[in-house]
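The values are calculated or read from the model by the stated rules, or taken from the named source; none is laboratory data. These figures come from a predicted structure and were not determined experimentally. Just the protein is used for accessible areas: all its heavy atoms, side chains included, with ligands, DNA and RNA removed. Shrake-Rupley method; radii C 1.70, N 1.55, O 1.52, S 1.80 Å.
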Amino acid sequence: MEKSKQYKTELKKFATGLGISLFGAACIKPIKKEFVFSDETLKDLDYTISLGLRLSDGILEDITSFPTKIYYHHYRQANALLDQIAFKVSNFVQGKGYKAVPVPASQIVDWEKQTAHLSHKKIGEMAGLGFIGRSNLLVNPKIGARFRLVTILTNMPLEPDEELKETCGKCRDCISVCPAGAIKEKKQDFDHIKCFEKLKEFRDKRLVDQFICGVCVKACKGKGRNIPVGEP
């Protein structure tokens, strides 16, 4: 147990030094069957490191009812930086004698179903980085949904973080602004099809060259809007 705490402390310090805003760890044995990896790859990788990179408030505030070109560039750069950081953190883990598999921040396996090798949101939720909100996004209490995620699978024993018990509460900021009308009162009623159809529309109109929106990301600022990440 002491070693798992020590490893997590070292990893968090290392990742934070690389620019990471959110850090968490989880034991993922119960959900490994949901991942799109071979059994051989996942054989002894029972832990995950979840990392969150905060997005620029200035760029998000420029979004109205559709994604902007600068948000598209920012989104891509955030994913690229997350992949680089995950690569470095994985090497740090391997330097300690353990296995590490960095999972791309944004590599979709099936766009129609909006699925990837694994759900970064689900891992982030398990690692205590946030809760799934009405918008189907992972919401951190301090910075809302204004961040991107990346995941590292490992066999390094890490003390798991506790899942948050918070919810969106009375906040409904994302519902009225959703250009697809996909966000409902209950999070389980989120309309994936309507969301994807709107993303295709944005791409077909050449607003952006990827299936992204950003409107609900902008709307979700969290409860502690003026509290710097890392402060209580």
In degrees, nearest 10, the alpha-carbon axis of helix 2-17 is tilted away from the dominant principal axis of the alpha carbons of the chain by 50
May I ask you to give the solvent-accessible area per residue for the chain, in square angstrom, as obtained with a 1.4 angstrom probe? 52
Overall dimensions of the chain as given by Cα atoms, namely Rg and Dmax in Å: 17.4, 54
Two decimals, Cα atoms only, Kirkwood Rh: what is Rg/Rh over the range 80-176? 1.01
Using only Cα atoms, what Kirkwood radius does the range 1-49 have, in angstroms? 12.4
If you count only protein heavy atoms and use a 1.4 Å probe, how large is the accessible surface of Phe37, to the nearest 10 Å²? 60
Give me the base-10 log of I(q)/I(0) for the range 1-110 at each q in 0.17, 0.22 Å⁻¹, Debye formula, one uniform scatterer per Cα, rounded to two decimals. -0.93, -1.29
